[in-house]
Amino acid sequence: MTTAVRSRSMLTLAEVCEELAISRSTFYDWRAKHRAPRCIKLPNGDLRIRCSDLEDWLYDREDAA
């Protein structure tokens, strides 16, 4: 798998916040309360979210609405 393909399958925290129209602090609050989508913590401390995990998380929120 090439780097370009891998990078498209994961989103940065900024991209997720933009997609959800929330602030970074809101995301971290959700994460602390175990309400955020699953994250991958990179060795440098940055977070990445798999597109599939975000879609699954959104689907679960839809059922709760």
Checklist entry - If ASP46 passes every condition in (1) under 9 Å from the mean Cα position of the chain (by Cα); (2) open to solvent by 40 Å² or more (accessible area, probe 1.4 Å) but one, which one does it miss? => result (1)
Checklist entry - Mind checking which residues of region 26-43 are over 8 Å from the mean Cα position of the chain (by Cα) and open to solvent by 80 Å² or more (accessible area, probe 1.4 Å)? => result TYR28, ARG31, LYS33, HIS34, ARG35, LYS41, PRO43
Checklist entry - Restricting attention to region 10-22, which residues are of a type outside the set (A, V, I, L, M) and open to solvent by less than 50 Å² (accessible area, probe 1.4 Å)? => result THR12, CYS17
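The values are calculated or read from the model by the stated rules, or taken from the named source; none is laboratory data. Computed from a predicted structure; not experimentally measured. Only protein heavy atoms, including side chains, enter the accessible area calculation; ligands, DNA and RNA are left aside. Shrake-Rupley method; radii C 1.70, N 1.55, O 1.52, S 1.80 Å.
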